[in-house]
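The structure under discussion appears below in the form of structure tokens.
The values are calculated or read from the model by the stated rules, or taken from the named source; none is laboratory data. Quantities reported herein were computed from a predicted structural model and do not represent experimental measurements. No Cβ is skipped: glycine too gets one built from the backbone with ideal geometry, and neighbour counts run over all protein chains shown. The area values use the complete protein model at the heavy-atom level, side chains included, leaving out ligands, DNA and RNA. Shrake-Rupley method; radii C 1.70, N 1.55, O 1.52, S 1.80 Å.
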Amino acid sequence: MTLLVCALWAGEIAVLTNGFTLRVDRHERRGDSILLFTEAGQTALPVAAIAGFEPLPEEIPVETPAPAPPPPMKTPHDLVREAADRHGLPAEFVTAVARQESNFDPQAVSRKGALGLMQLMPETARSLGVNPLDPAANSDGGAKLLRELLLAYQRHPDQVRRALAAYNAGPGAVQKYQGVPPYRETQDYVDRVLRHWQASSRLKK
């Protein structure tokens, strides 16, 4: 019986006489044939078909990039400004409203039950289709409401004052008094928001 002479490698390149190369796990010489072993099985080739074997090129370890740090959490100021941008309003204007409404407290609850950064009443939030307990949605709802009110009073010279009064006291009160209603709270609210807006606009310049 002819003894089998075996040569074992952990991995190598078989160079064929036709110029092709094969990646194999190992090979064995068996008489006039050479067995090539791969994950798919084994292949027998004549000895004359193989020009030789070469070691696998040394693998260069690939460095795994460190995971990207999570994006920084957005502040209430960020949420309000982004909501203003989405609805085409000056960021300083919506920021002034949020400052007066809640001083940027996402957990704020008024005595009347208004919620969050922009102090939305639950029924108002429902009509706007937003969750008032979600700071981002609350900001978006407040900016959307301000835009709707500004559009509603766009033909009036005191458009902004009416919109702010309606945000605070409701459109019904503005309609009843044909302008800012004579409520001390609402009048103070409108004046304070306008002062905040003017001050922030000056700082921006």
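Table for the structure above
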read-out: Alpha carbon convex hull of segment 39-86, projected area averaged over orientations, nm²; value: 9.1
read-out: Surface share of carbon and sulfur [accessible, 1.4 angstrom probe, percent] for the chain; value: 55
read-out: Computed over segment 84-205, the ratio Rg/Rh where both radii use C-alpha atoms and Rh is Kirkwood; value: 0.94
read-out: Accessible area, probe 1.4 Å, largest first, for residues SER127, SER110; value: SER127, SER110
read-out: Calculated P(r) of the chain - Cα pairs past 25 Å, %; value: 56
read-out: Cα-centre dipole for the chain with unit charges at Cβ (Lys and Arg positive, Asp and Glu negative), debye to 20; value: 1780
read-out: For segment 106-157, diffusion coefficient by Stokes-Einstein and Kirkwood Rh (Cα), 37 °C, 0.692 mPa s, µm²/s; value: 294
read-out: Cα gyration tensor, segment 164-205 - rounded (a/c under 1.5), prolate or oblate; value: prolate
read-out: 1.4 Å probe accessible area per residue over the chain, in Å²; value: 65
read-out: Long-range amide H partners of ILE34 with built H, under 5 Å; value: LEU45, VAL47
